[in-house]
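The values are calculated or read from the model by the stated rules, or taken from the named source; none is laboratory data. Not measured: the values here are computed from a predicted model. Counting neighbours? That spans all protein chains shown, and the Cβs are built from the backbone with ideal geometry, glycine included. Just the protein is used for accessible areas: all its heavy atoms, side chains included, with ligands, DNA and RNA removed. Shrake-Rupley method; radii C 1.70, N 1.55, O 1.52, S 1.80 Å.
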Amino acid sequence: MTCKVIGLIQLKDSRAFDEYRSQVGKTVELYGGRVCTRGQFQKSFLNELNCDLFNANVELEFKDSAAAESWAQSPEYQSLVGIRSKAMNLTLFSVAINH
């Protein structure tokens with residue numbers, strides 16, 4: 001079952017964000033994933049969960065949840081935590097896609 005990883009981003013430092021973004025895609029590819037979309041927040045239509053506002057989002061795709069979790073816990077991705085923390089506040093979650 002395909003697994004999507006969604007990231008909701010509150011940007012803190014645009015230079016750090018550019019540095020993070022230039023490296024994170026390579027870590028995704030190492031675990032068989034791909035970056036599907038990147039976007040910027042436009043408008044909220046409904047927020048019954050009271051989610052914090054975010055500036056941007058990213059959507060990744062992996063063959064399954066095991067691959068997504070392997071990537072998220074990988075030493076390659078974890079090596080980016082310092083720059084990621086400087087660049088943004090991040091909510092990262094996965095969803096299973098039923099075809």
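Of these, 70, 65, 79, which one is farther than 22 Å from residue 98 by Cβ and of a type outside the set (A, V, I, L, M, F, W, C)?
Among 70, 65, 79, only 79 is farther than 22 Å from residue 98 by Cβ and of a type outside the set (A, V, I, L, M, F, W, C).
Do you know which residues across the range 46-65 are of a type outside the set (S, T, N, Q) and either in contact (Cβ under 8 Å) with a residue 60 or more places away in the chain or open to solvent by less than 60 Å² (accessible area, probe 1.4 Å) (or both)? Walk me through how you get there before you give the answer.
To start, the set of residues in the range 46-65 that are of a type outside the set (S, T, N, Q) comprises 46, 48-49, 51-54, 56, 58-64.
Within the range 46-65, 54, 56, 58, 59, 60, 61, 62, 63, 64 qualify.
Can you tell me which of 87, 68 is under 17 Å from residue 6 (Cβ atoms), open to solvent by less than 70 Å² (accessible area, probe 1.4 Å) and at pLDDT 95 or above? I'd like the intermediate steps shown before the answer.
Values: 87 fails: under 17 Å from residue 6 (Cβ atoms).
Being under 17 Å from residue 6 (Cβ atoms), open to solvent by less than 70 Å² (accessible area, probe 1.4 Å) and at pLDDT 95 or above holds for just one of 87, 68, which is 68.
Would a scan of the range 48-57 turn up a residue that is touching a strand residue (DSSP E or B) at 6+ places or on another chain (Cβ under 6 Å) and not polar (S, T, N, Q)?
Checked against the condition, which is being touching a strand residue (DSSP E or B) at 6+ places or on another chain (Cβ under 6 Å) and not polar (S, T, N, Q), the range 48-57 yields at least one hit.
Consider residue 19 carefully, then state whether it is of a type in the set (Asp, Glu), more than 18 Å from residue 81 (Cα to Cα) and open to solvent by 30 Å² or more (accessible area, probe 1.4 Å).
When the stated conditions are applied, residue 19 does not pass them.
How do the pairs read when you match residues in the range 24-45 that are touching a residue at least 40 places away in the same chain (Cβ under 8 Å) with residues anywhere that are open to solvent by 100 Å² or more (accessible area, probe 1.4 Å), using Cβ under 9 Å and keeping only pairs 6 or more apart or on different chains?
If the second residue must be open to solvent by 100 Å² or more (accessible area, probe 1.4 Å), the pairs left are 28/34.
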